[in-house]
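Beneath this line is the structure, given in C-alpha cells, with notes to follow.
The values are calculated or read from the model by the stated rules, or taken from the named source; none is laboratory data. This one's a predicted model, so the numbers in the text were calculated from it and none came from an experiment. For neighbour counting, all protein chains shown are included, and Cβ atoms are generated from backbone atoms with ideal geometry for every residue, glycine included.
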Amino acid sequence: MTSTDALPQLSLPVTNCRSCGVLWAAEAGPLVTANTDPSHTFVLHPDCWEHPRCDGLWQGLDFESNGPNVHAPYGPLLLQQVDGDPSTGEWSSAVLVTVPCGTRGFAAVVGGGMAATPKDALTLGWIEALERRCTFRRPRERLILATQPPGPATSGTVTVGAPTWWTMAHELDGMPTWLPFQEAVLASQWRGASAITTDSTGMSAHTSKERAVFHGLREWVERSALHQWWTQRGSRCSIHTDITSDLLKRSPLALPHSDCEVWHLRRGNWHVAGCLIFTEHGERLTAAFGGGAGVTVDSAVHSAWREAFQMHTAPRPVASQEGRVRFDPPNGHNPVGENFRARFLETFPSRSDCGEIETAPIEERGTESLVEAVDGRAVTVDCGDELTDALGLHVLRVVCPELPRFTPDTRAPSGLTPVFLGG
C-alpha cells in the first residue's frame, strides 16, 4: 500500500481474553520483561483458540507511544516512531511488531511508510508491519501432502516422486490451482539447514483485494526487471541521478555525506527504476536501496527514491541484554564493502542520453497491463489472519513462478552482487 492510495482508518479489536495475552507474551518473549496484568485488555490474537472470530470491542488505533492495549505483551507492538519535517511535509514512520511463535531467524519485524502527515505515515507503517508479519505465517489455504497435486498445478517444477507439500492457490480469474508449498512461504521458515534470507516478493496488503493483487503484481514486474538490469550490463541515468541527488541535498532528514545513483528500464508498458543512496561513515560505507514501477520514468524514479530514502532514514531496532528494545539513530541501512561503490560505478557506467521522457498525457494503467508485463502465469495465495481480517485488510502473496527475482544472489557479468539487499 502506498501513500497515493486512500488510507483506511484502522481500528484494533480488543478483548478481555487472557489466552490472547498469553499468546502475545509468548511472541514477545525476551524482548519484553514486564509481567502481564491479568485485568488488562488485549489485542485479539489471530491464533487464539478461545474465539476463532473477533468477539471483542473496538477501539481506534493507538498512536500514543505509551498508550494501552497495543504494546507487547498486550498486543503486537514493540516500538513505533515518527520523524519528519513540517516545513517540507516529509514524515517517515517505523513500526516494530512481534512475529508468530516458531519464526526462524527473526525476533521481530519492522514496517515503515512515508507520507505528508504523521498519522498517514504511521498508518502506512502499521499496514506494512502487519503485512510483513504475515509473511512468517503459513498461507491460509488448503494444504496436502502428495506425490502430485490433485488438480491443475501452476509451477513448472512438478515431478512425480517422493510426496511433497502442495498449497491451493487461485488464478487471477479466481479459478483454483495448486502450487508447491515451498513457492508460497519464506525460505527461512523451512526446517533443516540454518535460516536463510527472507524473500517476500509479491506480498501485499490493502483494503481492496483487487488493489492488493495490483500491488503484488507490480512488485513482481519491478523485481524481475531489476534482475534483468543487474545481469545484463545495465547503465545508470545521470539525468535522474541529478534530480534525486537534489532531493537528497534539500531534505533535512538526510544523513550527512550521502549521495545517490539512479537507473531505469522499461518492461512492457511500465517503467522500472532503482535507486541507491550511499552514506559514508569515515572508512565505512552503507547503502539503502529502493525500487519502483510507474507509468512514466519520473513516477518510477520517484517511487524508487522514496523507498530508498525511507530505508536511508529508518531508525535501527536494538535489543539490550535485558530484553529492552529501542530505536537507535539511522545509519543509512546496510553496510557494504569499502570497494563496493567503485565496483558498482565501474560495472554500470553512467549515461546522459535518457530518452524516456513522456510528453503525451498518461492514462492510469491497471492489472491487465501488469499481466502483460509479467508475460507468464500469476496466482494468488491468501496469507491473512483473523487480525488483518478484523482490520479490513486483504493480505495475499502474488506468485509468478516463471519470473526471476532481484535478490542478494543476483550476479552481474562482473561478478558483483547487490549486497545492499542484506542476507
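Scan the stretch 108-139 residue by residue and report those that are touching a Gly at 6+ places or on another chain (Cβ under 9 Å) and surrounded by fewer than 19 Cβ atoms within 10 Å (Cβ to Cβ). 116, 117, 118, 120 - these are the residues of the stretch 108-139 that are touching a Gly at 6+ places or on another chain (Cβ under 9 Å) and surrounded by fewer than 19 Cβ atoms within 10 Å (Cβ to Cβ). Can you tell me which residues in the stretch 273-284 are in contact (Cβ under 8 Å) with a residue 24 or more places away in the chain and either among the charged types (D, E, K, R) or surrounded by 20 or more Cβ atoms within 10 Å (Cβ to Cβ) (or both)? Selection gives 273, 274, 275, 276, 277, 278, 279, 283, 284. Charged (D, E, K, R), closer than 16 Å to residue 310 by Cα, in contact (Cβ under 8 Å) with a residue 24 or more places away in the chain and part of a strand (DSSP E or B) - does that describe any residue in the stretch 122-143? Looking through the stretch 122-143, none of the residues is charged (D, E, K, R), closer than 16 Å to residue 310 by Cα, in contact (Cβ under 8 Å) with a residue 24 or more places away in the chain and part of a strand (DSSP E or B).
If the condition is being of a type in the set (A, V, I, L, M) and touching a Cys at 6+ places or on another chain (Cβ under 7 Å), then the stretch 214-251 contributes 239, 248. Every test in (1) of a type in the set (D, E, K, R); (2) within 17 Å of the chain's Cα centre (by Cα); (3) at pLDDT below 90; (4) assigned to a helix (DSSP H, G or I) is passed by residue 119 save one, and that test is (2).
Look through 319, 293, 314 and report the one residue that is out of contact with any Pro (no Cβ under 7 Å at 6 or more places or on another chain), farther than 29 Å from residue 371 by Cα and touching a residue at least 40 places away in the same chain (Cβ under 8 Å).
When all the criteria are applied, what remains is 319.
Being over 22 Å from the mean Cα position of the chain (by Cα) and in contact (Cβ under 8 Å) with a residue 60 or more places away in the chain narrows it down to one residue among 164, 154; which is it? The match here is 154.
Residues in the stretch 355-381 that are at pLDDT 80 or above and either in a loop (DSSP other than H, G, I, E, B) or within 18 Å of residue 273 (Cα to Cα) (or both): 366, 369, 370, 373, 374, 375, 376, 377, 378.
Just wondering, is there one or more residues in the stretch 97-106 that are out of contact with any Phe, Trp or Tyr (no Cβ under 9 Å at 6 or more places or on another chain), of a type in the set (A, V, I, L, M, F, W, C) and under 23 Å from residue 320 (Cβ atoms)?
Checked against the condition, which is being out of contact with any Phe, Trp or Tyr (no Cβ under 9 Å at 6 or more places or on another chain), of a type in the set (A, V, I, L, M, F, W, C) and under 23 Å from residue 320 (Cβ atoms), the stretch 97-106 yields at least one hit.
Count of the stretch 323-352 residues, restricted to those that are under 13 Å from residue 236 (Cα atoms) and among the hydrophobic types (A, V, I, L, M, F, W, C), is 3. Restricting to the stretch 391-418, and then to whatever is among the hydrophobic types (A, V, I, L, M, F, W, C) and more than 28 Å from residue 138 (Cα to Cα), can you tell me which residue is surrounded by the fewest Cβ atoms within 10 Å (Cβ to Cβ)? Among those residues, the one meeting the criterion is 416.
The rows are residues; the columns are (1) small (Gly, Ala, Ser); (2) part of a strand (DSSP E or B).
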position	(1), (2)
263	no, yes
272	no, yes
308	yes, no
317	no, yes
321	no, no
332	yes, no
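Annotation note: of 299, 320, 245, 251, the sole residue that is in contact with a Gly (Cβ under 8 Å, 6 or more places away or on another chain) and within 29 Å of residue 81 (Cβ to Cβ) is 299. Out of 255, 217, one residue alone is part of a helix (DSSP H, G or I), touching a residue at least 60 places away in the same chain (Cβ under 8 Å) and not small (Gly, Ala, Ser). It is 217.
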